[in-house]
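Here is the structure we will look at.
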Amino acid sequence: MKKAISVLSGGLDCTVATSVYSKDYEIYAITFNYGQKSFKRELKASKDICNNMNWQHEVINLPWLAEISNSSLNTSEDIPELSPDELDDIEKSSESASSVWVPARNTVFTSIALSYAESMGAEIIIVGWNCEEGATFPDNSKEYLDEFNKLIKAGSPENIKIEAPAIDLNKEEIVELGLEVGAPMELSYSCYKGEDKHCGVCESCMRRKRAFEKLGVKDLTEYEN
C-alpha cells in the first residue's frame, strides 16, 4: 500500500485532511511537541484519532523551538480571545495570529515530514492548511503550498508532494468534507489553551464552533464558554 506522512496536531483541519487519504494510503502521523500549552491535549487527541483510524503515530520533540519562541502558545503571555464579530475583522484576527505565531513552525514541521517521507518511501505529505487561516497565517496559504512543492521538486531526489485538500476551504467547508469522508472530528482538539474542555473563546475555538453552527450540524465538542 502507498505510504503517506501526516503532520497531525490532533486538530480539526489536519484530522479531516488526513482522513481524505486514509483509504488509499498507509498513514504515518507525526505530532510535534514544541512546548505548546495544548501539547498534552493535542497528544491525547492525536493518539485517539490514530487508534480510531488505524494510523501509525510518532511524537517528535523540538525543545529548541520552544526555547526561541515568544508566541503566546508556549510562553506565559495570555492567548487572545475574540468575539464572533472579530473573526472576520482582518485587523483583529491579524493581531491574534501575530500573538500565536511560532517562528517558521510549518516550515520546520513540513521539512521534518519530508525527511520521513524520503526515508520511508512515502509519496505524499498531508497537511491541514486552509484558506480561512491562510488569510492571516502565510504558512497556511495556497502560495506557500505551491512554493514548498516547488522546493521539494528542486531539492529532493524523490517524487514527493504535499497534499492539502482543505487549501481552498473555509472551516465550514472543512466540516462538510469531514462528514463526507467520515473523519473522527469528535476526537479532534483545536483549543490553544490546552484545558480538558475547549475554552470556546480563543480564535481557534471560535472558528471551530462557528463552522458547526453555520452548518446546523451537531457539535460534539465540549466548550467552557
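No value in this document is a laboratory result; all are computed from the given coordinates. Keep in mind it's a predicted model, so treat the numbers as computed, not measured. Don't worry about glycine lacking a Cβ; one is built from the backbone with ideal geometry, like all the others, and counts go over all protein chains shown.
Numbers at a glance
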quantity: Bins of 5 Å from zero: percent of alpha-carbon pairs in the chain; calculated: 1, 7, 15, 20, 22, 18, 10, 5, 1, 0
quantity: Whether segment 1-89 is rounded, prolate or oblate, judged on the alpha carbon gyration tensor where a/c under 1.5 counts as rounded; calculated: oblate
quantity: Longest site-free stretch - the chain; sites: trypsin sites (Lys or Arg not before Pro), DSSP loop, at most 12 other Cβ within 10 Å; calculated: 24-217
quantity: Gain upon complete extension [A154, K23; 0.36 nm per residue less C-alpha separation]; calculated: 44.2 nm
quantity: Derived scalar couplings ³J(HN,Hα) [segment 91-105; Karplus, 6.51 cos²θ - 1.76 cosθ + 1.60; whole Hz; x for Gly, Pro]; calculated: 5, 5, 5, 5, 4, 5, 4, 5, 5, 9, 5, 9, x, 6, 4
quantity: The chain: angle of helix 171-181 to the longest principal axis, Cα-based, in degrees nearest 10; calculated: 50
quantity: Degrees separating the helix 39-53 axis from the principal Cα axis of the chain, which is the longest one; calculated: 60
quantity: In segment 146-205, the GluC sites (Glu not before Pro) that fall in loop regions by DSSP, at most 16 other Cβ within 10 Å; calculated: E158, E195
quantity: Cα-Cα over 26 Å, subset of K40/K214; K142/K171; K153/K209; K171/K197; K92/K214; calculated: K40/K214; K153/K209
quantity: Beta bridges by DSSP in the chain, antiparallel share as percent, to the nearest 5; calculated: 5
quantity: Calculated FRET efficiency for the pair L179/S94, C-beta based, R₀ 22 Å, to 0.05; calculated: 0.15
quantity: Cα shape, segment 59-126, gyration tensor, a/c 1.5 rule; calculated: oblate
quantity: Anisotropy class of segment 113-225 from Cα gyration tensor, a/c 1.5 cut; calculated: prolate
quantity: Nonlocal amide H pairs with K3, under 5 Å, H built at 1.01 Å; calculated: E26, E123
quantity: Inter-label distance, nm, simple model (7 Å from Cα along the C-beta direction), I68/T107; calculated: 0.9
quantity: Residue-wise HN-Hα coupling along segment 25-37, computed from phi with Karplus coefficients 6.51, -1.76, 1.60 (Hz; x: Gly, Pro); calculated: 9, 7, 8, 10, 8, 10, 10, 9, 10, 10, x, 5, 4
quantity: Computed label-point distance, nm, for sites D78 and M1 using a 7 Å Cα→Cβ extension; calculated: 4.7
quantity: Residues whose placed amide H lies under 5 Å from that of H57, excluding near-sequence neighbours; calculated: A29
quantity: 222 nm mean residue ellipticity, helices alone, for the chain (DSSP H n ≥ 4; -39,500 (n - 2.57); rounded to 500); calculated: -13500 deg cm²/dmol
quantity: Segment 2-46 - percent relative contact order, Cα under 8 Å, separation 6 or more; calculated: 51
